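Here's the structure, in structure tokens; my notes come after.
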Amino acid sequence: MTPQEVADALKAQGIFVSADHISVLGAPALPPPLAPGSPVRARLVAAETARGGEAYSAEVHLTNLTFRTLEGRYGSSVLDAVIEDSAGKAVYWATPRLVGMILHLTTCPALADCDRTLVLNFRLDRFQPALPLQPGNYTLHVFVTRLVLHGRDTFTLSFRLPPHRLTILP
């Protein structure tokens, strides 16, 4: 999306801003998929339909694949997302943020699910409540950044989950 496209979309909503005052950051590069031999398996749970402008939630469930308990820690920005339109153009992204002072902990018993689910909440808009995503088919990419797991070894994981189909209803 260009600064002029943002200015035009905002103008259609009654908000007048010059394109000269708008900066558009690009979508973040997606990390690689979870590597074979990873100590955990990750599963995305998210709705396949929603309405533009409404709240949306995606969860990542982790399962420990090792014979040892893993202790995990992560910051408030462990999950991010990119939404692409049917042409593959990124129309929304949650960019990596600074990790705040909040530290979350999880315990992953051997060969079992971790006791906490990773959650990402956001609105289905184009970075501004007045610009909801339009009805249509989209692809949601959720990715994990800076998940640290301790056991016998320490693993710092950054990976993307398989693409998720998302239909925005009228």
- Spelling it out for Leu34: with amide H atoms placed in the peptide plane at 1.01 Å from N, the residues 5 or more places away or on another chain with amide H under 5 Å from its amide H are Arg160
- Grab the DSSP H runs of the chain that are 4 residues or longer, score each as -39,500 (n - 2.57), total them, divide by all residues and round the 222 nm result to the nearest 500 deg cm²/dmol. -1500 deg cm²/dmol
- Query: With every protein chain in place, what's the accessible area of Lys89 (1.4 Å probe, Å², nearest 10)?
  - Reply: 80
- Identify which of Ala130, Ala42, Ala29 has the largest mean-square fluctuation in a Gaussian network model of the chain, with springs joining Cα atoms closer than 10 Å. Ala29
- If ligands, DNA and RNA are left out, what is the accessible area of Asp85 with a 1.4 Å probe, given in Å² to the nearest 10? 40
- Task: Treating the angle as unsigned and between 0 and 90°, give the value, to the nearest 10°, between the Cα long axis of helix 3-12 and the longest Cα principal axis of the chain.
- Result: 70
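The values are calculated or read from the model by the stated rules, or taken from the named source; none is laboratory data. Everything numeric in this text was worked out from a predicted model, so none of it was measured. In case anyone asks, the SASA skips ligands and DNA or RNA and just uses the protein heavy atoms, side chains included. Shrake-Rupley method; radii C 1.70, N 1.55, O 1.52, S 1.80 Å.
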